[in-house]
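Novice: Sharing a structure below in structure tokens format, with a few things to ask.
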Amino acid sequence: FYPQNQYQRVMVTASTTGHRANAPGKVRRRRRCLLRVHLARGPWACSSQELPLLLSKQPDVVKHINAQDAFWNATKTVRRRAMENKCDRKRTNERARKSNVLVQHDTTLGARGEDDEEEDECDVLIIGGVLGAFVAHAVATAVPTARVAVVERNESIVGRDQEWNASLDTLTKFLNALGPVHGYDDAITLRDNVTTSRWKRSRAFVEGMSEPLAVTGVMDCGVSPRRLIDAVRDSLVRRGVRIHTCTEATHVHSHRDAAVVQCRAYRRGREKDSGGGGGGGGGNHGNIPTQVRARLVVDCTGHFSRFAEESRRLRSKRQPLLHRPPPASEPRGHVVVVGGCLEAPSWPQGNDVADLLACFDTVSQDDIRFGQPLWEAFPADLDVSGTTMPRRTVYMFAYIDDHPDRPSLAEYAGRFVDGLSRYQGVDGHGEEVGVVRFLAGALPCYSDIEGPHVLSEA
Ligand SMILES: Cc1cc2nc3c(=O)[nH]c(=O)nc-3n(C[C@H](O)[C@H](O)[C@H](O)COP(=O)(O)OP(=O)(O)OC[C@H]3O[C@@H](n4cnc5c(N)ncnc54)[C@H](O)[C@@H]3O)c2cc1C
């Protein structure tokens, strides 16, 4: 038992005695059963908590936290209903039927009719245009004759503003693997253009260590996703890769010789039927295909991929009974992340060192529902620090379950601001700290570590 988990699965082995018809005497039979132990709820109760001034004065940040909290609350509500046995089996089955987004057919499609205007055709179709843009570029470079297409549901293919932290060495290898990107002599030139910060010292620290562990060569730079994806997207367009923006892939039908991906028009918060629109950012600016036929489909739709979810569900059905609890389709836990890019006149502990992991809180009974808070911090946006205050990326995260009593993301954000003075020596409740960008989210983690689900060899 871990104190922060309020319920646990426990395997119990019990011995009983019994008779076997053709065996003399008694034999011991072992029975195994799985008990779900639900620990009594603690003294805590979820209360709505207002955001600290640092965050509440920024309407965008409040909106973002509320949106993410709605998702996190929905996750916890599902758990609450399951715990209270309120799951309506019929509705659950209906939902499962509706989620048949991967369909395998034992048929051959044959050649595509020339007057089939409904259907687009390519060799490789990438769904999702963040890491998918890189996959598309690597394929288009490696096989110049291949017809490559990307479908992205957003209006454009752009990277986020918040930096990606990465290892310089891995980043260089990664950019090399993309193949020549138009407008850049080599991977090093591109790398130097997209890295916004670099530092030499990194460390890891856990309460109780006499001194932090020095780490080199790992997570030692910050990359601008916006700049990197802009460069790759422009290069994709020049290489003739077709980009369908505002296009959401809904189903993948796999036949023996090809796969057909069904698509529809997508607007954030408003989904429409196919047939219009198109956006910028290298997008199609024209009709949105209702279906795209491809010989290879690559799912790059990220952590909340409906295709990966379905694939996990299909896999868990095939798992032997002993491996079932919990099914692969059920998250083993969640990682809650709050934080982002902050600026302050000075960072007392220095802004030339990164923390890969810092853990300085012990879990007390009062705040047990928060789990074990872990922190990380990286120098940020060094190239603009001449004109603005020095910036630092700081995140707090915790690995927890989705018990209904777990705190809201707003509460985690409040705790993040409280912890800044102890962790970074800056007062989050004072005037000096500013928020440049803030992110909050609860991401499910799966124990399923199998490779991708391959529908057919087409
Ligand atoms: C707080 C936080 C900090 C992070 N920090 C780092 C970091 O420092 N370094 C790092 O490497 N990573 C970091 N990450 C992870 C980072 O988000 C991922 O590395 C990266 O964005 C994953 O890219 P992706 O393409 O797999 O998914 P996503 O970025 O989620 O992109 C998926 C794309 O697919 C599109 N899409 C989804 N469904 C469909 C559909 N049905 N049809 C068409 N398009 C679809 C979406 O619109 C989206 O554009 C962080 C994440 C968080 C939450």
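The values are calculated or read from the model by the stated rules, or taken from the named source; none is laboratory data. Owing to the predicted nature of the structure, the values given are computational and were not obtained by experimental measurement. Every residue, glycine as well, gets a Cβ built from its backbone with ideal geometry; the counts of neighbours run over all protein chains shown. Keep in mind that these areas ignore ligands, DNA and RNA; they rest on the heavy atoms of the full protein, side chains included. Shrake-Rupley method; radii C 1.70, N 1.55, O 1.52, S 1.80 Å.
Novice: Given a Förster distance of 22 Å, report the FRET efficiency between ARG267 and ARG332 from their Cβ-Cβ distance, rounded to the nearest 0.05.
Specialist: Calculated value: 0.05.
Novice: Just to make sure I understand: if all protein chains stay in place, what is the order of THR77, THR216 by accessible area at 1.4 Å, largest first?
Specialist: If we order THR77, THR216 from most to least accessible, we get THR216, THR77.
Novice: Using a 1.4 Å probe on the protein heavy atoms only, what accessible surface does LEU357 show? Give it in Å² to the nearest 10.
Specialist: Probe radius 1.4 Å; accessible area of LEU357 about 60 Å².
Novice: Related question: For GLU207 and ARG160, what is the calculated FRET efficiency with R₀ set at 45 Å and r taken between the beta-carbons, to the nearest 0.05?
Specialist: After rounding, the FRET efficiency stands at 0.90.
Novice: ALA146 to ASP366: FRET efficiency via 1/(1 + (r/R0)^6), r the Cβ-Cβ distance, R0 60 Å, to the nearest 0.05?
Specialist: That gives a FRET efficiency of 0.55.
Novice: Based on a Kirkwood Rh over C-alpha pairs, give the Stokes-Einstein translational diffusion coefficient of region 119-184 at 25 °C and viscosity 0.890 mPa s in µm²/s.
Specialist: Rounded to a whole number, D works out at 184 µm²/s.
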